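Worksheet for the structure shown next.
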Amino acid sequence: MLGLDNCLTAVMAIPGALDAMLVDHTSGMAVAVSGQPDGVDTEKSAAALTETLRATVEGLAHSCPGDTVRVDDMLITTDKGHHLLRMLDTLFEGPLVIYVRLDLERSNLALARHRLRALSDQLLA
């Protein structure tokens, strides 16, 4: 089982990872941060990422009435990089989100998604 303390270290080991954050999905607060870029307000960023996920889940629920919608991960690609979010339902910490910002040129999205899935399995074990 992987602890929260070591989780971000493992996330930052993903090739192309620039920074990472664990976010409490309920409160929208950052639980842990690694590799924070200059000028980024961690709390505002965590809250905005949480709202983005909530809006996505709500939009999908309206698009698929009667179906249970569960988002495993979400990818946003911008001109500056890839942003990957992975949802976790931990027993003790509550619902968490692993967020990682990846370099546009140096990252491998399939590998990053695979590594985040494996890390989330270790956290939930």
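The values are calculated or read from the model by the stated rules, or taken from the named source; none is laboratory data. These figures come from a predicted structure and were not determined experimentally. Neighbour counts run over all protein chains shown; Cβ positions are idealised from the backbone, glycine included. The protein model used for the area step is the full one, side chains on, heavy atoms only, and it has no ligands, DNA or RNA in it. Shrake-Rupley method; radii C 1.70, N 1.55, O 1.52, S 1.80 Å.
Here are a few things to note about the model shown:
- With respect to the conditions (1) touching a residue at least 24 places away in the same chain (Cβ under 8 Å); (2) exposed (fewer than 12 other Cβ atoms within 10 Å of the Cβ); (3) charged (D, E, K, R), ASP67 falls short on a single one, namely (1).
- Residues in segment 1-24 that are surrounded by 15 or more Cβ atoms within 10 Å (Cβ to Cβ) and acidic (Asp, Glu): ASP19, ASP24.
- Output for segment 45-57, where each listed residue is open to solvent by less than 70 Å² (accessible area, probe 1.4 Å) and either out of contact with any Leu (no Cβ under 7 Å at 6 or more places or on another chain) or not in a helix (DSSP H, G or I) (or both): SER45, ALA46, ALA47, ALA48, THR50, THR52, ALA55, THR56, VAL57
- On inspection, LEU111 qualifies as on the phi < 0 side of the Ramachandran plot and either at pLDDT 90 or above or surrounded by 13 or more Cβ atoms within 10 Å (Cβ to Cβ) (or both).
- Hits in segment 58-74 (condition: β-branched (Val, Ile, Thr), more than 15 Å from LEU96 (Cβ to Cβ) and either assigned to a helix (DSSP H, G or I) or touching a helix residue (DSSP H, G or I) at 6+ places or on another chain (Cβ under 7 Å) (or both)): VAL69
- Which numbered condition ASP79 misses (of (1) surrounded by 12 or more Cβ atoms within 10 Å (Cβ to Cβ); (2) part of a loop (DSSP other than H, G, I, E, B)): (1)
- Qualifying positions in segment 70-104 - basic (Lys, Arg) and free of Cβ contacts under 8 Å to residues at least 24 places away in the same chain: ARG70
- The number of residues in segment 25-44 that are under 12 Å from the mean Cα position of the chain (by Cα), more than 15 Å from SER120 (Cβ to Cβ) and open to solvent by 30 Å² or more (accessible area, probe 1.4 Å) comes to 1.
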